[in-house]
Amino acid sequence: MYILSAATLGPGQDTASADRRALTEDAIPLDLQALLKTFTEQDLRRAGHFAELAVAGSQLCISRLKQPLNQDTAVYFSTGLGEVQKTVALFQQVMDEDTGLVSPYSFVNSVSSTAGFYVAKAAGLKSRNLTVCQEEFSFETALKLAQTDLENNEVDFAMAGGADECSHPRAEHMHRIQLEDSQPMGEGGGWLCLGKASRHAIGEVLMVMEITGDTPAAWLTAVEGILSPWLKKGHKTYLLPGFRLEEANINNLLNRLPEMELKDYLDYCGCFHTAAAFGLASVFDETRKLKFRSSERPRSLEQGGGVYFHINRNTYGRTMIVGVHAFPW
């Protein structure tokens with residue numbers, strides 16, 4: 001499964017690594033109307049902030065393609081919390097006796113799958129459209145579904161992405177996602193445009209898999225067994241730790257595999273359920289500029305490039321690993 005383009009959208013409306021600044025406090029939702037106007041002429045004023053995050057990220061990803069987007073591209077959109085702000089507003093309208101009837105747009109936009117509709121509408125897509133919600137593993141699950149459908153020839157192209165919004169005050173938002181005091185809440189997302197052919201590819205998805213390990217030692221052995229073969233291929237290998245991966249897990253893994261370099265992307269996007277989409281797409285912030293001749297295939301793993309492994313756990317102790325290869329310049 002090849003990656004044809006990638007894009008990230010951070011809490012500061014940053015879309016490239018050079019524009020990012022490390023968060024020193026909780027992210028503040030920003031107005032995305034100006035950014036959206038650079039991608040689409042469609043009126044999204046009635047859409048909520050959550051849908052705007054999804055559309056802005058997907059449109060940025062599409063704009064980086066080296067070929068026109070196929071209208072039969074499928075959408076696999078993921079979110080952990082869905083439409084928070086519009087849902088809260090809807091309940092406030094329902095519970096307030098003086099408000100009167102609920103706005104139809106408030107009701108429609110409170111449905112989280114509406115964001116996937118807006119993504120497809122803005123891009124003119126007519127294929128399948130799925131919204132996946134699996135808390136910490138929302139993006140990993142959506143990516144696995146896209147991989148399965150591509151491998152089974154159910155679709156030829158896929159947009160796999162994720163987005164989540166934060167809400168204030170922090171104490172209220174913590175009812176929706178469990179974070180430590182030291183973890184700033186974030187928002188944003190990321191998108192990967194995927195295909196079965198290597199032409200114009202900037203990278204490749206190597207794996208999307210779940211591992212088991214009942215004890216810390218068993219967990220470490222299982223992860224090492226998956227990552228070690230890639231470290232022997234002679235290219236740089238990086239660890240992207242998810243926000244549920246404990247510091248002890250990270251340190252033990254790096255001690256066991258000292259050749260691996262740490263890339264802590266969470267400093268720039270904060271913590272949210274689909275932060276994995278941001279982390280994995282951010283790998284291609286620079287490599288997206290790479291251009292291949294139409295007749296040239298991307299270089300193989302043995303010729304260099306970076307391999308990135310995103311590892312995260314959920315509150316039930318499950319672990320998901322996503323491996324991607326960013327093709328060399």
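The values are calculated or read from the model by the stated rules, or taken from the named source; none is laboratory data. Keep in mind that this is a model prediction, so the values were computed, not measured. Cβ sites come from the backbone with ideal geometry, for glycine too, and all protein chains shown count toward neighbours.
Listed by position, the helices (runs of 4 or more DSSP H) contained in segment 197-291 that have at least 2 residues being among the aliphatic types (A, V, I, L, M) and under 30 Å from Leu9 (Cβ atoms) are 216-231, 247-256, 275-282.
Quick one: in segment 8-34, of everything that is of a type in the set (S, T, N, Q) and in a loop (DSSP other than H, G, I, E, B), which residue is farthest from Val283 (Cα to Cα)?
Step one: filter segment 8-34 for residues of a type in the set (S, T, N, Q), giving 8, 13, 15, 17, 24, 33.
Those left that are additionally in a loop (DSSP other than H, G, I, E, B): 13, 15, 24.
On the way: Gln13: 17, Thr15: 12, Thr24: 22 Å.
Filtering segment 8-34 for residues that are of a type in the set (S, T, N, Q) and in a loop (DSSP other than H, G, I, E, B), the one farthest from Val283 (Cα to Cα) comes out as Thr24.
Can you tell me which of Gly82, Gly10, Gly116 is modelled with pLDDT under 80, surrounded by 18 or more Cβ atoms within 10 Å (Cβ to Cβ), assigned by TED's automatic domain parsing to the domain that holds Ala146 and under 16 Å from the mean Cα position of the chain (by Cα)? Let's see the steps before the verdict.
Details: Gly10 fails: modelled with pLDDT under 80; Gly116 fails: modelled with pLDDT under 80.
The conditions single out Gly82.
Would you point out the residue of segment 119-177, among those that are touching a His at 6+ places or on another chain (Cβ under 9 Å) and hydroxyl-bearing (Ser, Thr, Tyr), that is modelled with the highest pLDDT? Once the filter is applied, the top-ranked residue is Ser138.
Restrict the check to segment 221-238 and report whether at least one residue is buried (at least 18 other Cβ atoms within 10 Å of the Cβ) and within 30 Å of Glu83 (Cα to Cα). Within segment 221-238, none of the residues are buried (at least 18 other Cβ atoms within 10 Å of the Cβ) and within 30 Å of Glu83 (Cα to Cα).
Tally up the residues in segment 236-287 that are of a type in the set (Gly, Ala, Ser) and in contact with a Ser or Thr (Cβ under 9 Å, 6 or more places away or on another chain), please. Break it down stepwise before answering.
Quick first cut of segment 236-287, residues of a type in the set (Gly, Ala, Ser) only: 242, 248, 270, 275-277, 279, 281-282.
Pick out the ones that are also in contact with a Ser or Thr (Cβ under 9 Å, 6 or more places away or on another chain) and you get 276-277, 279, 281-282.
Residues flagged as of a type in the set (Gly, Ala, Ser) and in contact with a Ser or Thr (Cβ under 9 Å, 6 or more places away or on another chain) within segment 236-287 amount to 5.
For segment 195-210, the candidate set comprises residues that are in contact with a helix residue (DSSP H, G or I) (Cβ under 6 Å, 6 or more places away or on another chain) and buried (at least 17 other Cβ atoms within 10 Å of the Cβ); within that set, the residue that is farthest from Leu60 (Cα to Cα) is Val208.
Taking Asp285 as the residue in question, decide whether it is within 23 Å of Gly190 (Cα to Cα), at pLDDT below 95 and in contact with a helix residue (DSSP H, G or I) (Cβ under 6 Å, 6 or more places away or on another chain). When the stated conditions are applied, Asp285 passes them.
Checked against (1) closer than 30 Å to Asn255 by Cα; (2) in a loop (DSSP other than H, G, I, E, B), Lys144 passes all but a single condition, namely (2). Would it be correct to say that Ala89 is part of a helix (DSSP H, G or I), surrounded by 14 or more Cβ atoms within 10 Å (Cβ to Cβ), assigned by TED's automatic domain parsing to the domain that holds Leu130 and at pLDDT below 90? Taking the combined requirement at face value, the residue satisfies it. Among the residues making up segment 119-153, those that are touching a residue at least 60 places away in the same chain (Cβ under 8 Å) and farther than 26 Å from Ile211 by Cα are Val119, Lys121, Ala122, Ala123. Of the residues making up segment 46-69, one or more are at pLDDT below 85, under 20 Å from the mean Cα position of the chain (by Cα) and crowded, with 20+ Cβ neighbours inside 10 Å. Taken over segment 249-289, the criterion of being more than 12 Å from His310 (Cβ to Cβ) and among the small types (Gly, Ala, Ser) is satisfied by Gly270 alone.
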